[in-house]
Amino acid sequence: MTEAKKLDKEQVKQAVKRRKQVTYAPVQPEEQLGFVHNNVDCIGCRACEIACKDKNGLAAGPRFRRVQYIEGGTYPEVYAYKVNMSCNHCAEPACLPTCPTGAIWKRADNGVVDIDSTLCIGCRRCEAACPFGAPQFDPSDGLVKKCNMCIDELEAGRKPYCVMACMMRVLDIGPIDEIRSGEYDTKAIGPGEETTRRVKGLANPDLTNPSIAFIPHSKGKVD
Amino acid sequence: MSDKLKWLADSLNMNRRNFLKTTAVGAATTGLVTAKKDAEAFAYEPYPKDDELETVVTSCAHNCGSRHALIAHKKGDVIVRLSTDDGRFQKDGYFGKDTEEEPQLRGCLRGRSYRSRIYSQERLLYPMIRVGARGEGKFKRASWDEALDLVAGKMLDIKMKYGPTALLDQSYAGASWGVFHKSDQIAGLLGRFLGLFGCRTNSWSVPSYQGTVFSSTQTFGSIEDGNEDDAYAYSKLIIMWGWNPAYTFHGGNTFYYMRLAKQRGCKFVLIDPQYTDAASAYDAWWIPIRPNTDAAMLAGMAHYIFANNWQDQLFINKFVQGMDQGTMPEWGKGGESFKDYIMGFSDGIAKTPEWAAEICGVPAEDIKKLAKMYALTKPAALKASWAPGRNAYGEQYNRMAAALQAMTGNIGKLGGCAEGIGKGWHAEGSALPEDPYSNIYAQAIKSDRWAHCVLNFPNLKREEIGLWPRQDPTDGLPPLIKGIFWQGSNWFNQLTNINKEIKAINNLELVVCNDSTITPSGLYADVLLPVATHFERHDVALPWYKGHYYIHRPKVIEPMGESKTDWQIYTELAYRLGFGPVYNPRAKRDYFHYNDATDEEYLRYWWESKVMAHQHVEMSWDEFKHYGIYKFKMDKPHVAFEDQIKKGKPFKTPSGKIEILSTPLATTPDFAKTQFGYYIPPIPKWIEPWEWLGHQKAVKYPFHMITPHPRWRTHSIFNNIPWLRETYEQEITINASDAKKRGIKTGDTIEAWNDRGKIVLPAYVTERCMPGVVVVHEGSWLDLDENGVDRSGNPDFLTDDNPSPAGAFAYNTILVDFKKSDLDHRPGWDKLATSRSHVYRRDSDM
């Protein structure tokens, strides 16, 4: 770890950029959908996780959506918050170019990143590549699976199961640009609250440009 | 995964590879190029989409304070998945409708996991008769005839031999809460059945909140002291006293309205040994407190308010009895008022914040600051929750909190709070036959004293078991108990001091368990009778706590296996025992096989004669069935006691006032002859519990264990669900500095013990718990090793079955010690479901 820190960050950025350029040109969707999650107001109940399990018929093990419990401080000055993620349907998904069979693709209409399970060979390269832990290996059939934003629900004009499960109304989807600019009407963002792309402890969003915004906890803010 | 679940998964979700081949060819180019045109397939096609399935509106039904909508999506007779209220399933509904007055009733994680509960491998599908020893778990499958004949024969035998108290009713709310299929302590189906049979001892104290029931009844004359959940949005200050609405979903949308309150500027305070998820979500000021000392801290606050003259004297003078000398009743003039006690006029000890700080461990400055906030912020809600009442003398805490609510004039006002029990809107809660047979009993005892009663009979004093007084010659005679019936109840696993129960159960001659799931209690039963879940029978759901709505609950699928409803089982037994037509007056003799029309008849009658007649509902029964959900629209949030405060209606107490000085308690000549058994002061007082950190027992057992309600189970219900087990760990929460002293890290296996038992479970080390306190959530399914050590980590092996005088279970009055251990921990009976929650829990400083 110490070795890596000595590297010139600018140099690394350039290298990443170069790699992207020679690897592939990401799909530019007509409208990129993304998630918004309020880290503070979330009670961490994980109803979204269970709704997701039921929707996708998953046994214990693979976990498309993961509510992370983060805590810190020293008794009695403590704090806690939640960071809730599934797949971030990145603008530049790291999983996609690693797939040797082309099973992963990004939709042109809404930017949803999906895995075609007829092509997946369960090699788990995407799992290793994703900085957010989205692809999940399912040992029951040897395939890698992940959130597809309940594409069937989207096509039916509804929202994904996780969003519709949220008892606190702190998780939502929408056009990510509108979410970030504050134009999007959603209960996930309270009055006077502003979104951020990055919260402490998570991978740098510059890596893949994830389509997710957070209302951060004061202790979770970066910079 | 169980075979059944696997079959479901295979048939519905996972065998999709073959179907996808044609559509996916287009994308099968190289890994470097993405498909240009939209693919038709998505990853999990062709599983049935929601719109290709049949939609049935129903609800959850487990024993918590909420009730939420579940929308079943089914194919044939199989539920494929469940979703929840999205605004469509009501009159004038549409997708996304979610207003403040008609919010969506979104199910919690437990409700959302119901599909795996219905199809779980612990599902009880056939009648079973025990062949091994009690607790060994060896049963043989039996026919209904064989099982029912056995039960009926034994019942007659026991009644003849031992008399009318021999069968103990331990029905509880585990299969609640519908208007028709009721499992309940008082007016449930089992109580009606055993009462009509003429052989029933009742269990009268409620495990979750008996101290609070007592307090609300003495103080207000009613347990309906709750505002509706939307009233929280109007508070300026909410004090969550031992209350974690992020875990225990008390009411349809309580937690959500509190979020609205926060957005409108409400401040939050949490008094709790733990920094809970509710504290973080509402950004609360956390005041850690030594367990069982809440009444002392409240007394310190009261002193500071009196000393500064911040009390609402006009309110006190008008509405309160016994707050001070000016409000003492004629018969009590010169006696001890609440103020006399607090200021030390009567006993020479002023209950100052400094006095309280010594006991409760909260700095006097914080007690003063909170007292000032509460006295001067209007309106302010002191939500005195149940958990601190589940203590030795827990009732004193609830009574003391009610005194503060009254002295600050926060009762009967929007944004204030008189809870307490907190039961809000009054629903039409029962579609059962209206006759005098619902609650006949020969004796009634404190619920957690049954083992004590069985083991010590006949050498018992009535106060030891809290015998309910009777107006006949059997008053005070301890019951001879020779059998137990369980309906919607896993009490063997859930009452205090399980090791004592294990000793007692072998003295019994008949144990019958009605359930849809094989539970730890079931393993100790002689006969297991399989019960249809609420997806397999017709009912109407309602929240019993807060929330104003009804949810229709049709039979979504046919009863699985050979399961029957409790109504069918007890009706059939009643026929065999000779009182069938009285037990179920609308049923015919073949009800055991054909119950649908009769059930519909009961429900329609309830809707038309009660809901439509009493609650001004115009929607017909058929229309209600069509929509699925009926949400009442109120012009303003319901506030408890508003009529008393605004319109001068008397409280239902003897004096018609808020009785801080309780008339019944002050005029009781002999407590031994009451159900309480022991003296209870007529005004709230701090009384030292028999185990706490200030006690000499703490030298041997230096840690106080509290046992709150978990979020991932409802008591013990859902403990067998792998999905839920993945979201948590049955663990012992230890403060980081305490753990460091003993070299313990998160994930280490720990044994915790006291004189009553020993349990094994992993450690969760955190700064969020106060030093000297450990936390173990109640309800894990007992799993004994050969030495009687519980491998599941069920804290009720450590609890004491000695109840508080008012009947409160002392679930949170436990001293223990713990250490790192080599003993086995088994989170559940199935080995598959290990938790991975540590993966998703970390310190952000890392």
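The values are calculated or read from the model by the stated rules, or taken from the named source; none is laboratory data. Not measured: the values here are computed from a predicted model. In this analysis, Cβ positions are derived from the backbone assuming ideal geometry, glycine residues included, and neighbour counts consider all displayed protein chains. We work out accessible area using only protein heavy atoms, side chains counted, and drop any ligands, DNA or RNA first. Shrake-Rupley method; radii C 1.70, N 1.55, O 1.52, S 1.80 Å.
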Residue that is nearest to B:LEU168 (Cα to Cα), among those in region B:209-225 that are polar (S, T, N, Q) and crowded, with 22+ Cβ neighbours inside 10 Å:
B:GLN210
Can you work out which of the residues in region A:91-102 that are in contact (Cβ under 8 Å) with a residue 40 or more places away in the chain and at the interface with chain B (Cβ under 8 Å from one of its Cβ atoms) is nearest to the chain's Cα centre (by Cα)?
A:LEU96
Matching residues in region A:106-139 - criterion: being over 30 Å from B:GLY96 (Cβ atoms) and facing another protein chain (nearest Cβ under 7 Å)
A:ASP116, A:SER117, A:THR118, A:LEU119
Test: B:LYS625 is closer than 22 Å to B:GLU224 by Cα and in contact (Cβ under 8 Å) with a residue 12 or more places away in the chain:
no
Return only the number of the condition from (1) at negative phi; (2) open to solvent by 10 Å² or more (accessible area, probe 1.4 Å); (3) of a type outside the set (Phe, Trp, Tyr) that A:GLY142 does not satisfy.
(1)
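Hey, can you tell me all the residues within region B:353-377 that are of a type in the set (Val, Ile, Thr) and open to solvent by 30 Å² or more (accessible area, probe 1.4 Å)?
B:THR377
Can you tell me which residue among B:LYS740, B:LYS700 is surrounded by fewer than 22 Cβ atoms within 10 Å (Cβ to Cβ), among the basic types (Lys, Arg) and within 20 Å of B:ARG290 (Cβ to Cβ)?
Details: B:LYS740 fails: within 20 Å of B:ARG290 (Cβ to Cβ).
Matching residue, one of B:LYS740, B:LYS700: B:LYS700.
So that you can scan it fast, the table gives a plain yes or no per residue for (1) under 30 Å from B:HIS709 (Cβ atoms); (2) facing another protein chain (nearest Cβ under 7 Å); (3) touching a strand residue (DSSP E or B) at 6+ places or on another chain (Cβ under 9 Å); (4) modelled with pLDDT of 95 or more:
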site	(1), (2), (3), (4)
A:CYS48	yes, no, yes, yes
A:CYS52	yes, no, no, yes
A:LEU58	yes, no, yes, no
A:GLY61	yes, no, yes, no
A:ILE70	yes, yes, yes, no
A:PRO76	yes, yes, yes, yes
A:ASN84	yes, no, yes, yes
A:HIS89	no, no, yes, yes
A:ILE104	no, no, yes, no
Options A:GLY57, A:GLY61, A:GLY34, A:GLY72; residue that is open to solvent by less than 10 Å² (accessible area, probe 1.4 Å) and closer than 24 Å to B:THR714 by Cα
A:GLY57
Restricting attention to region B:463-470, does a residue exist that is in a loop (DSSP other than H, G, I, E, B), touching a residue at least 12 places away in the same chain (Cβ under 8 Å), touching a Lys or Arg at 6+ places or on another chain (Cβ under 8 Å) and surrounded by fewer than 24 Cβ atoms within 10 Å (Cβ to Cβ)?
yes
Looking at region A:180-194, can you tell me whether even one residue there is under 15 Å from the mean Cα position of the chain (by Cα) and among the hydrophobic types (A, V, I, L, M, F, W, C)?
no
Among the listed residues A:ARG158, A:ARG197, A:ARG124, A:ARG169, identify the single one that is basic (Lys, Arg), open to solvent by 20 Å² or more (accessible area, probe 1.4 Å) and on the phi > 0 side of the Ramachandran plot.
A:ARG124
Residues located in region B:549-588, provided they are closer than 29 Å to B:TYR114 by Cα and surrounded by fewer than 22 Cβ atoms within 10 Å (Cβ to Cβ)
B:PRO554, B:LYS555, B:ILE557, B:GLU558, B:PRO559, B:MET560, B:GLY561, B:GLU562
Quick check: anything in region B:115-125 more than 23 Å from B:GLY174 (Cα to Cα) and either in a strand (DSSP E or B) or within 14 Å of chain A (Cβ to nearest Cβ) (or both)?
no
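Conditions (1) within 30 Å of B:SER83 (Cβ to Cβ); (2) at pLDDT 95 or above; (3) touching a Cys at 6+ places or on another chain (Cβ under 6 Å); (4) not basic (Lys, Arg), marked per residue:
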site: B:LYS636; (1), (2), (3), (4): no, no, no, no
site: B:ALA666; (1), (2), (3), (4): no, yes, no, yes
site: B:THR707; (1), (2), (3), (4): no, yes, no, yes
site: B:THR714; (1), (2), (3), (4): yes, no, yes, yes
Among residues belonging to region B:779-806 that are surrounded by 24 or more Cβ atoms within 10 Å (Cβ to Cβ) and among the charged types (D, E, K, R), point out the one that is farthest from B:TYR678 (Cα to Cα).
B:ASP790
Of the conditions (1) in contact with a strand residue (DSSP E or B) (Cβ under 9 Å, 6 or more places away or on another chain); (2) not in a loop (DSSP other than H, G, I, E, B), the single one that A:LEU119 does not satisfy is (2)
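Check region B:167-182 and report whether any residue there is more than 22 Å from the chain's Cα centre (by Cα) and aliphatic (A, V, I, L, M).
Looking through region B:167-182, at least one residue is more than 22 Å from the chain's Cα centre (by Cα) and aliphatic (A, V, I, L, M).
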Given the criteria in a loop (DSSP other than H, G, I, E, B) and either surrounded by fewer than 17 Cβ atoms within 10 Å (Cβ to Cβ) or touching a helix residue (DSSP H, G or I) at 6+ places or on another chain (Cβ under 6 Å) (or both), does A:PRO93 qualify?
no
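Go through region B:703-713 and give me each residue that's open to solvent by 10 Å² or more (accessible area, probe 1.4 Å) and in contact with a Leu (Cβ under 6 Å, 6 or more places away or on another chain).
B:TRP712
If a residue has to be in a strand (DSSP E or B) and within 17 Å of B:GLN274 (Cβ to Cβ) to count, how many in region B:762-801 make the cut?
8
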Please give the helices (runs of 4 or more DSSP H) falling wholly within region B:514-589 in which 1 or more residues are over 21 Å from B:TYR126 (Cβ atoms).
B:566-577, B:580-583
Filtered residue count, region B:320-356, keeping only those that are touching a helix residue (DSSP H, G or I) at 6+ places or on another chain (Cβ under 7 Å), of a type in the set (A, V, I, L, M, F, W, C) and not in a loop (DSSP other than H, G, I, E, B):
6
Among residues of region A:143-201 being of a type in the set (Ser, Thr, Tyr) and assigned to a loop (DSSP other than H, G, I, E, B), the residue farthest from the other protein chains (Cβ to nearest Cβ) is A:THR195
Residue that is farthest from the other protein chains (Cβ to nearest Cβ) [pool: residues in region B:717-757 that are in contact with a helix residue (DSSP H, G or I) (Cβ under 7 Å, 6 or more places away or on another chain) and assigned to a strand (DSSP E or B)]:
B:GLY757
Check on B:THR714, closer than 24 Å to B:SER489 by Cβ and away from chain A (no Cβ under 12 Å)
yes
